[in-house]
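Taking it in order: structure first as structure tokens, then the write-up.
The values are calculated or read from the model by the stated rules, or taken from the named source; none is laboratory data. Only a predicted model underlies this, so the values are computations on that prediction, with no experimental measurement involved. Positions of Cβ are backbone-derived with ideal geometry, glycine not excepted, and every protein chain shown enters the neighbour counts.
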């Protein structure tokens with residue numbers, strides 16, 4: 001039963017609606033956050049996925065074993081969280097996202113954390129804007145939510 005007493009008929013529908021509500025919450029939660037493995041606060045902008053709401057982003061950030069002078073691609077960067085951790089560990093990072101608000105958010109986080117020389121953020125639909133660039137490691141943390149795609153940048 002829904003919050004207004006509506007009947008959904010089956011648990012699959014109820015789970016789907018619950019996930020949609022979670023997505024709306026994740027997309028609207030903005031501010032400055034402490035996140036594991038990042039030295040400094042992470043700013044989450046409006047309409048940018050908040051990596052503090054799931055375990056996947058911190059686990060991915062913890063698993064990235066980067067060396068100085070490695071070239072890393074952070075695909076679906078969002079706030080830049082995973083790429084920023086790699087940059088703090090000495091890697092050169094190209095962070096890309098289709099969402100222009102995410103690109104700006106990641107770029108601003110790099111500036112705030114004094115990582116401009118190690119981190120660039122670009123708007124790209126997957127590899128489209130990357131040309132023939134090659135990387136030592138590619139990190140990808142796509143936003144996986146059930147539901148109908150409303151646009152190329154909004155679930």
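Would you point out the residue of segment 46-64, among those that are out of contact with any strand residue (DSSP E or B) (no Cβ under 8 Å at 6 or more places or on another chain) and buried (at least 18 other Cβ atoms within 10 Å of the Cβ), that is nearest to residue 105 (Cα to Cα)?
Ranking the qualifying residues of segment 46-64, first place goes to 48.
Can you tell me how many residues in segment 65-84 are crowded, with 18+ Cβ neighbours inside 10 Å and assigned to a loop (DSSP other than H, G, I, E, B)?
Here the count works out to 6.
Can you confirm whether residue 106 is within 13 Å of the chain's Cα centre (by Cα), buried (at least 19 other Cβ atoms within 10 Å of the Cβ) and free of Cβ contacts under 8 Å to residues at least 60 places away in the same chain?
yes
Select from segment 13-36 the residues that are part of a loop (DSSP other than H, G, I, E, B), touching a helix residue (DSSP H, G or I) at 6+ places or on another chain (Cβ under 7 Å) and surrounded by fewer than 18 Cβ atoms within 10 Å (Cβ to Cβ) and write down the one among them that is modelled with the highest pLDDT.
36
Sort through 97, 116 and tell me the only one that's surrounded by 24 or more Cβ atoms within 10 Å (Cβ to Cβ), in contact with a helix residue (DSSP H, G or I) (Cβ under 7 Å, 6 or more places away or on another chain) and either modelled with pLDDT of 95 or more or within 17 Å of residue 48 (Cβ to Cβ) (or both).
Checking each option against the conditions leaves just 97.
Of all the residues that make up segment 119-132, how many are crowded, with 20+ Cβ neighbours inside 10 Å and more than 13 Å from the chain's Cα centre (by Cα)?
Residues that pass the stated criteria total 1.
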